[in-house]
Amino acid sequence: MKRTEAARAGAEKLMRAEAAIDAALRETAELMGLLPSLRLESKLSAVLGQEAVANLGETLAHIVSARRTIIETHSALATVRTQIGCGALAVGDLDKGVEVTRTTGRLQAVSGGLAA
């Protein structure tokens, strides 16, 4: 396998791992938000399920930590890519990091709906 092919395969797998961690974070956070609503709608005591909520909070902390370390891994692998002589690879979303600006009178609308 050529170095560029190896780098591309690694980059694609890394992006899938990052997406999986983000999906886990989203799903776990949604569950954390849902549990209190279900408790209130059911008119149950806050004591019920407290251990589950605490465990879920710990789970969220672990997922956030995993997200931080996979991002650090991304940076470390970018260094390896340079060390083995591979240039930038186009993998994944092409619009990543691109800021779109539109002129609206004197204000400029930027991605995210904020005015600059």
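Derivation of every value follows stated rules applied to the coordinates shown; laboratory data play no part. In this text, all values refer to a predicted model and were calculated from it rather than measured experimentally. A quick note on method: Cβ atoms are made from the backbone with ideal geometry, for glycine too, and the neighbour counts reach across all protein chains shown.
For residues that are more than 30 Å from residue 7 (Cβ to Cβ) and exposed (fewer than 12 other Cβ atoms within 10 Å of the Cβ), scanning just segment 58-73, find the one that is farthest from the chain's Cα centre (by Cα). Lay out the reasoning, then the answer.
Going through segment 58-73, the residues more than 30 Å from residue 7 (Cβ to Cβ) turn out to be 58-61.
Cutting the leftovers down to exposed (fewer than 12 other Cβ atoms within 10 Å of the Cβ) gives us 58, 61.
Numbers: 58: 18, 61: 14 Å.
Result: 58.
For segment 14-48, which residues satisfy the criterion of being loosely packed, with under 10 Cβ neighbours inside 10 Å and of a type in the set (A, V, I, L, M, F, W, C)?
47
Within segment 1-20, how many residues turn out to be of a type in the set (Lys, Arg), without any contact (Cβ under 8 Å) to a residue 12 or more places away in the chain and part of a helix (DSSP H, G or I)?
2
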